[in-house]
Amino acid sequence: MRERCADAMSIFAKYGAPDLFITFTANPKWPEITENLRSSEHTTDSPDLLARVFNLNLKSLMDDLTVHGALEKCIAQVYTIEYQNRGLPHAHILIVLRAAENFSTSEK
């Protein structure tokens, strides 16, 4: 965990403060989860399924944001995964955009 924090600090020392903070939380009602549970099972009975689907969806989100062009301006990103009290994983994502191309605001 300390290495990840040091990595993040190095990234921000080089590229500056992050422009976006995104929280991505697992949804126990995702079809990929509900369709693979037995009728008597609950998501808490299958934490491995929940974690696997969460990781696949997180990878898909990160690919969409940084690789496939949703955020073409992304020059650096870092995330960490935590578990809530209810056992649901969630990710905190920090993204740095190119300085000259940050999102416009309504005031610009």
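Note that the chain, at 37 °C in a medium of 0.692 mPa s, gets a Stokes-Einstein diffusion coefficient of 209 µm²/s from its Kirkwood radius over C-alpha pairs. Sequence-distant contacts, meaning Cα pairs under 8 Å at least 6 residues apart, place the relative contact order of the chain at 35 percent.
Axis of helix 47-66 versus longest Cα principal axis of the chain: the two differ by about 30°, to the nearest ten degrees. Helix 2-15 axis versus longest C-alpha principal axis of the chain: approximately 30°, rounded to the nearest ten.
Mean residue ellipticity, 222 nm, helices only, the chain: the sum of -39500 (n - 2.57) across DSSP H runs of n ≥ 4, divided by residue count and rounded to 500, is -11000 deg cm²/dmol.
Readers should treat all values here as calculations from the given coordinates under stated rules, not as data from a laboratory. Source: prediction; values computed, not measured.
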